[in-house]
Amino acid sequence: MMAQFLDNDQDGCADDVNVVKMMRLNQAGLVLMDSENDAYYEDIVESFDETALFASQVRPFCSGSSETSTCRDVAIEEVLDFIAEYGISPFYHNEFGQCYDGNFQQRSELQVQMDIARGGTSTCRDVAIEEVLDFIAEYGISPFYHNEFGQCYDGNFQQRSELQVQMDIARAAAVFTYDDVTCNYDCLTEEFFYYALTSLLGGQDARAARNMDEWKASTPQDLQTKLPGMYNLLTGGVTSMQLLSADGVLPGSGNAAGATATYNP
């Protein structure tokens, strides 16, 4: 699968040697283990920056375009995240950089497009502020000003508060609504890149309904219509990787040879 990502045109050579060189410079690699319970991190040399992939995550029977609404090959996401973190992001940092250094004006183009998809630009959060505000809203503001700021929903859609009406408008307008509180800005960038690229390559269309809580552009057509800037970034020829182009093929799809092919970076 990694060979399919790096050698997407299947000619036996890496499409973009700079990405492979960067991965090697970072001394990074994937390690396949049986399970988390049988992980052997202590046996890996300290200079090797490993990313673990577990056998239970590998599902070749529903990989690539064969993914269904109930079955997905997690290996696609893990391998893509690995290549993006150690190869694509550090070499093409202006376009596909995933690290955030605190300077909002120096976001990569990928992060700019992610913030457009999110409908906002928040890069960090103080959980204490949220908890205190939630408390005041729940026990003070919401019950007294229930028509304007009510947070309780009784099942009658027509009796939503104005706050809830505006929330639904905001959620409908946003394309990327991933809301894991443990996921920081770098992590959000990684998730956004995965969703956008796999949607471009036809790997999310069967899961479109299931994705709606997090992602609303699960087909190439939706990506181009709803996020034209991201579509153009992925297909604009920034890198010679065929993967990042309109001709890209999602690893695990069709008859692509993948890791069984001769691979000479």
### Task
Give, rounded to the nearest 20 debye, the magnitude of the charge dipole that the chain has about its Cα centre when Lys and Arg contribute +1 at Cβ and Asp and Glu contribute -1 at Cβ.
880 debye
### Query
Hey, in the GNM for the chain with a 10 angstrom Cα cutoff, which one of Thr177, Thr219, Thr51 fluctuates hardest?
Thr51
### Karplus-derived HN-Hα couplings along region 80-92 (A = 6.51, B = -1.76, C = 1.60, θ = phi - 60°), whole Hz, x at Gly and Pro
5, 4, 5, 5, 5, 5, 9, x, 5, 4, x, 7, 9
## Note on the structure
If one builds a Gaussian network model of the chain from Cα atoms under 10 Å apart, the most fluctuating residue listed among Gln151, Gln242, Gln27 is Gln151
### Query
If eta is 1.306 mPa s and T is 10 °C, what Stokes-Einstein diffusion coefficient results for region 1-97, Kirkwood Rh from Cα pairs, in µm²/s?
108 µm²/s
### Query
Per the 1.4 Å probe, what fraction of the accessible area of the chain, in percent, lies on carbon and sulfur atoms?
51 percent
### Inter-label distance, nm, simple model (7 Å from Cα along the C-beta direction), Thr177/Glu131
2.7 nm
### Percent of alpha-carbon pairs separated by more than 23 Å within the chain
59 percent
### Query
Nearest 10 degrees, 0 to 90: what angle lies between the long axis of helix 162-173 and the longest principal axis of the chain (Cα atoms)?
20 degrees
### Message
Under 10 Å, Cα contacts only: if you run a Gaussian network model on the chain, which one of Tyr41, Tyr100, Tyr139 comes out with the highest mean-square fluctuation?
### Response
Tyr139
### Message
Counting just the Cα atoms, what span does region 179-235 cover along each of its three principal axes? Round to the nearest Å and put the largest first.
### Response
31, 25, 16
### Cα long-axis angle, helix 185-200 against the chain (0 to 90 degrees, to the nearest 10)
70 degrees
### Task
Work from the charge dipole of the chain (Cβ charges, +1 for Lys and Arg, -1 for Asp and Glu, about the Cα centre) and give the residue of Ile76, His93, Val249 farthest towards its positive end.
Val249
### Message
Tell me the angle of helix 109-118 to the major Cα principal axis of the chain, expressed in degrees between 0 and 90 and rounded to the nearest ten.
### Response
30 degrees
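The values are calculated or read from the model by the stated rules, or taken from the named source; none is laboratory data. Here the structure is a predicted model, which is why all the values come from computation and not from measurement. Don't worry about glycine lacking a Cβ; one is built from the backbone with ideal geometry, like all the others, and counts go over all protein chains shown. Note: accessible area is taken over every heavy atom of the protein model, side chains too, but ligands, DNA and RNA are not part of it. Shrake-Rupley method; radii C 1.70, N 1.55, O 1.52, S 1.80 Å.
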